[in-house]
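Reviewing the structure listed below.
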Amino acid sequence: MRGRQTSRPAIWRRRLLAVAALAVVAVVAWRVVVGVLEPDQRGAHLVHLTIRSKAVGRSLPTTVVVPAGAGDGAGRPILLFLHGRGGDQNSELDDQFYAALAKLGSRAPVVAFPYGGEASYWHDRADGDWDRYVMSDVIPRVATATGADPKRVAVGGISMGGFGAFDLALHHPGSFCAVGAHGPAIWQTGAETAAGAFDDAEDFARNDLVGSVRSDPAPFTSQPDWLDAGAQDPFQPGDQAFAAGLRAAGADATIKLTRPGGHDSDYWNAHWDEYLRFYADALARC
């Protein structure tokens, strides 16, 4: 008598399950090898917001990091951190950031990472009022969602976001407890700027950081400032010119432009500890 035979569909189902299982194992192994496992949040938790903004005419995401021990963030100050060109609201969420935030303990601010488009450079322009979006949409929404204090806000950023941080200070003097720029994309003339950074010559003139710090430095002297960049950073000429203006104005500015490094994540990740200490110290005094 012939033994019981397994149907062909059943055989194929088993084969498909086996292939699927192997695929899952392969993906996990790949993630381990290339280092893309989720970062250790050190007890912090994320709040994902979608902000419908009239200023830019669209809905945009913001990722908010509420530090460990902060409950819902009630009463904490806010650090608004702006991403670089081509980045997004999650670009800076790595182990180094979370470790540095955890070291601050009870002094850690709620950190908001808004999305600012591919190349907005965080200023009001033809494709949207990005400055107004940050000031009128992002800060109030983050405060409402977390209970954080909208009157104690620091702003910082990398590359495009570093430019944006000082540009916000230019147009909103006295609004921030501290301003920081890390490898900021600062140019001395409109002819030097990257394609898409400004709409035209008039747009550059309205947001000319070097010209502004030389002609009227008051917006940059109303709070502690931080400016740093690696010695190999291609934006060194503009950063150096802006730093000279800060020094000439007697600004309360920490300036570090001579240490090793370039314009990349390796450089920025190596300095998260000191970045976040600067913002926490300034917010504590604000």
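The values are calculated or read from the model by the stated rules, or taken from the named source; none is laboratory data. Everything quoted here is computed from the prediction, not taken from an experiment. Cβ coordinates were reconstructed from backbone atoms using ideal geometry, including for glycine residues, and neighbour counts include every protein chain displayed. SASA here: full protein model, heavy atoms, side chains in, ligands and nucleic acids out. Shrake-Rupley method; radii C 1.70, N 1.55, O 1.52, S 1.80 Å.
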In Å, what Kirkwood hydrodynamic radius results for the stretch 78-130 from the alpha-carbon pair distances?
12.4 Å
Residue 96-residue 200 pseudo-label distance in nm [points 7 Å out on the Cα-to-Cβ vector]:
4.1 nm
Using a 1.4 Å probe, how large is the accessible area of residue 138, given in Å² and rounded to the nearest 10?
0 Å²
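Quickly estimate the mean residue ellipticity at 222 nm for the chain, helices only: each DSSP H run with n ≥ 4 gives -39500 (n - 2.57), and the total goes over all residues, rounded to 500.
Here the helix-only value at 222 nm equals -11000 deg cm²/dmol.
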Return the whole-Å distance between the Cα centroid of the stretch 52-103 and the Cα centroid of the stretch 104-130.
8 Å
Report, to two decimal places, the Cα Rg of the stretch 132-183 normalised by 2.2 N^0.38 Å (N = number of residues).
1.11
What is the Cα coordinate range of the stretch 29-168 on the first, second and third principal axes, sorted by size from largest, in whole angstrom?
44, 38, 25
Please give the helix 236-248 orientation as an angle from the longest Cα principal axis of the chain, in degrees from 0 to 90, rounded to the nearest 10.
40 degrees
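State the percent of C-alpha pairs, over all pairs in the chain, separated by a distance greater than 34 angstrom.
The calculated P(r) of the chain puts 25 percent of pairs beyond 34 Å.
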Taking each pair of different alpha-carbon atoms in the stretch 95-243 once, compute 1/r for the pair, average those values, and report the inverse of that mean as the Kirkwood hydrodynamic radius in Å to one decimal.
16.0 Å
With a 1.4 Å probe and all protein chains left in place, how much of the accessible area of the chain comes from carbon and sulfur atoms, in whole percent?
54 percent
Spin-label pair residue 285/residue 58, simplified geometry with 7 Å Cα→Cβ offset, distance in nm
4.0 nm
Find the eigenvalues of the gyration tensor of the Cα atoms of the stretch 206-254, then list the square roots of 5 times those eigenvalues as equivalent ellipsoid semi-axes, largest first, in whole angstrom.
18, 13, 8
Using DSSP loop states and a limit of at most 16 other Cβ atoms within 10 Å to flag trypsin sites (Lys or Arg not before Pro), what is the longest stretch of the chain containing no flagged site?
152-286
Tell me, what is the per residue accessible area of the chain in Å², probe radius 1.4 Å?
47 Å²
Acute angle (nearest 10 degrees) that the helix 8-34 long axis makes with the longest principal axis of the chain, alpha-carbon atoms:
30 degrees
Give me the aspartates and glutamates in straight-line cross-link reach of residue 256: C-alpha distance below 13 Å, same-chain residues under 8 apart excluded.
225, 228, 233, 239, 274
Extent along principal axes [Cα atoms of the stretch 182-276; Å; largest to smallest]:
37, 31, 19
